[in-house]
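Below: the structure, in structure tokens.
The values are calculated or read from the model by the stated rules, or taken from the named source; none is laboratory data. Here the structure is a predicted model, which means the values were calculated and not measured. Virtual Cβ from ideal backbone geometry, glycine too; neighbours counted across all protein chains shown.
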Amino acid sequence: MTLYQTPIHQLHQMRLKGEVSTQEILDSVQARLTATEPALKSFLELTPERAQVKALEADQAIAKGEKVGPLMGMPLAIKDIFNIKGTHTTCGSKYLENYISPYDATATLALDKAGYGLLGKTNMDEFAMGSSTERSAFGATRNPWNLAHVPGGSSGGSASAVAAGQALAALGTDTGGSIRQPASFCGIVGLKPTYGRVSRWGMVAYASSLDQGGPLTKDVTDAALILGQIAGADPKDATSADRPVPDFMAHLETGLKGKRIGVIRELDLNQCNKEVAQCFEANLALLREEGAEIVELSIANIPHAIATYYVIAPCEASSNLGRYDGIRYGLRAENTHNLQEVYEESREQGFGPEVKLRILLGTFALSAGYYDAYYLKAQQVQNRIRAQYQAAFAQVDAIASPVSPTTAFKLGEKMDDPLQMYLSDAFTIPANLAGIPGISVPAGFGANNLPIGLQLLGKHFDEARLLGIARGFERALNLSLPNLAI
Ligand code: GLN
């Protein structure tokens, strides 16, 4: 395996044994990035000098015999929704094209403490609204398995970068699937932690009651490693949870024997392409072979999850995006004559069509006379879904499903049909509504060289168990990857 495709935990062992230096690791990743970036367009900003400084620091510390943590000097990519002081944070929007972060997000600051090297900020759908990264104001990212296809979204730049070996791992955010779905489309691991597990401070807000940051990695062990670093209570984010952070690495090799894995009766597998449904059946068979018990269970309101999400998310987005007023930061329209025109023109020029659509939907649903019928109703359904998951987790250790009904679709295929794009989130959205953790693990390959993922969901704050089950599956499947298209 080339260095740029090797998981961080393995590279770290190699460098402790003196088999490789951090500089060699960085050189391998950097050369790969330079060679593939013109075709993939995973990044919005590159910061090679930052990564270089950190690699040097790591090698110097190793030479001096100091204790070096696994992330020290390792080159990572960060979704352009996280503020990192001194970098642009565009959130994929023309509105923030020239915005330079004056402060650091808590999650990236935590990685900083571990000594990681920032390679750059990755492409995404504007304000994280989308499932394909085609909604970036700065052009689409490509899927490294097949360049005619999307990498998924909204964290598509992060997923494509990790899959292609342009970075060893990345951070993304997941409001309705934006870590898990691109991970699945790109054949890597993506973990959405429990809502509140990772601070949202410094992450540009989309739908605040659903947003959660997390890692996209080459394997489950690296996901555990990074989660351990970024998890924890934060006084700057009142919704971050004051819960002990377990050693996620310690529970990884517990195996699948005796584990109870739920399958949701109401989840309509007929929505899936044949190859995705077949892969899922094969995955369940493998789980059984490994000693897990498959248990059918009910989440009765799951058929309403998409409709619920597409009320709640736009409502919160319309409120959150009110801060872009042409005055405080970001774009300010020129040649305006009064305050009203500053607001209107700045927003008109700065936001793309999908963002405008969601602001309109959200503003409508929140307006007087409609609030009870839409937002309040949606919250009631959300509460039911949450309660149904809680009841389900009294019976099972994890719940399995496909991540997405299809493999990565072609660029342009769903751009003119927002409903089709929204429907593709059917399997990922429920976890956000319930606030529970979810992980996407590579599970097979379909036609056109495109990966398929398995989704596993866990109960609130039980990422340790979830990661152990995901690792058990990963080890049992031992998927050998075909060649990337690039
Ligand atoms: N695709 C979903 C949306 O467009 C989810 C996006 C996300 O998780 N950020 O809202």
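You will find that of ALA277, ALA300, ALA285, the residue that is assigned to a helix (DSSP H, G or I), more than 16 Å from the ligand (Cβ to nearest atom) and in contact (Cβ under 8 Å) with a residue 12 or more places away in the chain is ALA277 and no other. Looking only at helices (runs of 4 or more DSSP H) that fall completely inside segment 324-431, which ones have 3 or more residues that are crowded, with 17+ Cβ neighbours inside 10 Å? Counting at least 3 such residues, we get 339-350, 353-366, 377-392.
Pairs are defined by a Cβ separation below 9 Å, a sequence spacing of at least 6 or placement on different chains, a first member in segment 191-212 that is under 11 Å from ILE230 (Cβ atoms) and part of a loop (DSSP other than H, G, I, E, B), and a second member that is away from the ligand (no atom under 13 Å from the Cβ) and acidic (Asp, Glu); the pairs so defined are PRO193/GLU463; ARG197/GLU463; SER199/ASP234; SER199/ASP237.
Would you mind stating whether ALA164 is more than 30 Å from ILE312 (Cα to Cα) and surrounded by fewer than 24 Cβ atoms within 10 Å (Cβ to Cβ)? In short, no. Scanning segment 2-53 for residues that are on the phi > 0 side of the Ramachandran plot and out of contact with any Lys or Arg (no Cβ under 7 Å at 6 or more places or on another chain) yields one hit, GLY18.
Candidates THR221, THR194: the one that is more than 14 Å from the ligand (Cβ to nearest atom), touching a Pro at 6+ places or on another chain (Cβ under 7 Å) and closer than 24 Å to ILE306 by Cα is THR194.
Scanning segment 108-135 for residues that are within 16 Å of the ligand (Cβ to nearest atom), outside any loop (DSSP other than H, G, I, E, B) and under 17 Å from PRO38 (Cβ atoms) gives a single hit, THR122. State yes or no: is TYR310 aromatic (Phe, Trp, Tyr), within 16 Å of the ligand (Cβ to nearest atom), modelled with pLDDT of 95 or more and within 25 Å of the chain's Cα centre (by Cα)? Here the answer is yes, as TYR310 does meet what is asked. Scanning segment 152-169 for residues that are in contact (Cβ under 8 Å) with a residue 60 or more places away in the chain, more than 27 Å from LEU331 (Cβ to Cβ) and within 15 Å of the ligand (Cβ to nearest atom) returns a single hit, GLY152. Residues that are more than 16 Å from the ligand (Cβ to nearest atom) and over 22 Å from GLY446 (Cβ atoms) were ranked within segment 136-151; the one that is surrounded by the most Cβ atoms within 10 Å (Cβ to Cβ) is PHE138. Right, ILE100: within 13 Å of the ligand (Cβ to nearest atom), β-branched (Val, Ile, Thr) and touching a Lys or Arg at 6+ places or on another chain (Cβ under 9 Å) or not? For ILE100, the condition - within 13 Å of the ligand (Cβ to nearest atom), β-branched (Val, Ile, Thr) and touching a Lys or Arg at 6+ places or on another chain (Cβ under 9 Å) - is not met.
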